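Visitor: Shown below is the structure under consideration.
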Amino acid sequence: MVLPDAGNPMAVVNIMYDVGSRDESPAQTGFAHLFEHLMFGGSVNIPSYDEPLQMVGGENNAFTNPDITNYYIQLPTENLETAFWLESDRMLSLAFGQKSLDVQKGVVVEEFKQRYLNQPYGDAMHHLRALAYQNHPYQWPTIGKELSHIEDAELQDVKDFFFRFYRPSNAVMVVAGNVTVEEVRRLAEKWFGPIEAGIRPERNLPQEPIQTEDRRKEVEAAVPMSAIYKAYPMAARMTDEFYSANLLTDILGHGKSSRLVNTLVKDERIFHSLNAYVTGSTDPGLLIIEGKVNQDFSLEQAETRLMQEIQRLQESGFDADEVQKVKNQSETALAGADVELLNKAINLAYFTLLGDPDGFEEELKKVERVTKEEIEDTFRRLIVPERSNTLLYKAIPQEDEAED
């Protein structure tokens with residue numbers, strides 16, 4: 001797909017693979033994220049990915065989430081073919097050396113330890129996802145379920161994962177910048193044409209039944225303050241409910257003027273901080289409310305007051321002005337995301353994978369169509385006790401460091 005922008009001296013080549021952590025085996029998690037690193041470790045004909053790109057003034061990066069894996073290159077338009085050469089070779093095949101695998105496994109293992117095991121609250125989403133999802137592979141985060149899954153990954157396991165998911169049939173390429181459709185087609189046929197398309201993997205994931213009971217878990221850790229995490233199942237990304245739920249979280253806990261922040265953080269000082277958001281997953285996702293509790297209050301007191309305030313707001317409803325305010329903020333954010341060339345390319349690729357290439361262009365209209373009544377209805381339907389997944393993250397006294 002091509003996004004012409006005649007006034008831009010830079011070009012973007014974005015390749016999005018339709019694979020994320022939801023496509024992993026429960027016994028071998030973290031592979032999609034591992035490949036985010038492996039794809040920069042050299043391909044079958046190019047031992048160094050970064051060096052030739054830097055020589056032509058380019059830069060690259062990647063990200064992985066439960067639904068997709070995305071790689072992008074930005075470089076001067078006159079050097080566009082370098083990006084096609086690099087991306088086609090690693091789509092053809094990675095180098096797949098044991099040394100490269102060991103190096104990247106080490107990098108991911110250290111990231112797992114630093115960001116998830118040794119960082120305060122780093123494992124909160126491990127616990128919360130496992131509560132909220134009993135069947136669907138969203139039950140583990142992108143980094144993986146267990147450290148051992150990466151440590152024990154064998155070279156053949158990695159090869160099998162690559163040749164199943166990183167094929168032309170399972171990818172969307174968007175080229176943006178001062179380019180023409182004819183030029184992009186010529187380069188695509190030259191560099192990607194010889195690669196076997198492969199068979200697009202069939203996704204048949206286990207789905208979650210409707211939750212009908214409250215689920216709770218308490219953990220203890222040496223963290224600065226106790227915290228509460230509440231997750232509620234919600235609809236998938238391409239549904240109307242996504243937009244009303246997203247606006248609802250903005251009203252409840254996004255920014256200093258949001259309802260829960262105003263009352264429970266500023267006025268009553270029960271919470272040190274509070275936030276609400278949606279995961280935005282391709283499959284049915286979660287609406288999450290989380291907050292750090294001030295030391296003068298117990299977890300039980302904070303949770304009780306949080307739910308009292310939520311019930312009060314469900315009964316009273318919202319003002320038309322505050323609904324319009326969050327809609328305006330959302331529309332401004334969407335408009336801003338459509339300015340940068342890279343963001344345009346990523347959004348086009350993502351909505352193409354979702355089956356609607358024009359989907360991002362419709363986002364503003366969908367937000368504007370959401371009514372106050374729809375947001376209030378979503379509020380009352382989603383945030384109910386029998387659909388609650390609660391993680392109580394209890395702070396325990398931290399041992400003082402021994403003096404020398």
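A short reminder: the numbers here are calculations on the coordinates, not readings from a lab. Quick caveat, the model's predicted, so the values are computed rather than measured. Reconstructed Cβ throughout: ideal geometry from the backbone, glycine too, with neighbour counts over all protein chains shown.
Visitor: Based on the Cβ-Cβ distance of residue 267 and residue 368, what FRET efficiency does E = 1/(1 + (r/R0)^6) give at R0 = 35 Å, to the nearest 0.05? Mind showing how you got there, number by number?
Guide: Values: r = 32 Å, r/R0 = 0.91.
Efficiency, from the Cβ-Cβ distance: 0.65.
Visitor: Something else: Using 19 Å as the cut-off for backbone N distance, which residues of region 79-93 belong to the label zone defined by a point 7 Å from the Cα of residue 55 along Cα→Cβ?
Guide: 79-90
Visitor: Here's a follow-up. Within region 215-395, count lysine pairs with alpha carbon atoms under 17 angstrom apart where the residues are 8 or more positions apart or belong to different chains.
Guide: Here the count comes out as 17.
Visitor: Dipole magnitude of region 1-92 about its Cα centre, charges +1 at Lys/Arg Cβ and -1 at Asp/Glu Cβ only, in debye to the nearest 20?
Guide: Numbers: 2 positive and 13 negative charges, 24 e Å.
The dipole of region 1-92 has a size of about 120 debye.
Visitor: Which trypsin sites (Lys or Arg not before Pro) does region 260-350 hold that lie in a coil by DSSP with at most 12 other beta carbons within 10 Å?
Guide: On the way: sites: 266, 269, 292, 305, 312, 325, 327, 344; in loops: 269.
Here the sparse-neighbourhood loop sites are 269.
Visitor: Using Cα-Cα distances under 8 Å and only pairs 6 or more residues apart, what relative contact order does the chain have, in percent?
Guide: On the way: 699 pairs, mean separation 86.9, N = 404.
Here the relative contact order equals 22 percent.
Visitor: I'd like the orientation of helix 341-353 relative to the chain: the angle between its Cα long axis and the longest Cα principal axis, in ° from 0 to 90, rounded to 10.
Guide: Rounded to the nearest ten degrees, it is 80.
Visitor: Specify whether the C-alpha gyration tensor of region 215-395 places it in the rounded, prolate or oblate class, a ≥ b ≥ c being the square roots of the eigenvalues: rounded for a/c under 1.5, otherwise prolate if a/b is larger than b/c and oblate if not. Numbers along the way, then the final one.
Guide: Values: a/c = 1.92, a/b = 1.67, b/c = 1.16.
Since a/c reaches 1.5 and a/b is larger than b/c, the shape of region 215-395 is classed as prolate.
Visitor: Going through region 267-304, which chymotrypsin sites (Phe, Trp or Tyr not before Pro) have at most 14 other Cβ atoms within 10 Å and a DSSP loop state? Don't skip to the answer; put the middle values down first.
Guide: Values: sites: 271, 277, 297; in loops: 297.
Here no loop site has a sparse enough neighbourhood.
Visitor: Determine the percent antiparallel among the DSSP beta bridges restricted to region 215-395, to the nearest 5. Present the calculation step by step, with values, prior to reporting the outcome.
Guide: Working: 19 of 26 bridges.
The answer is about 75 percent antiparallel.
Visitor: Taking the alpha-carbon centroid of each part, what is the distance from region 226-305 to region 341-404 in angstrom?
Guide: Distance between centres, Cα-based: 10 Å.
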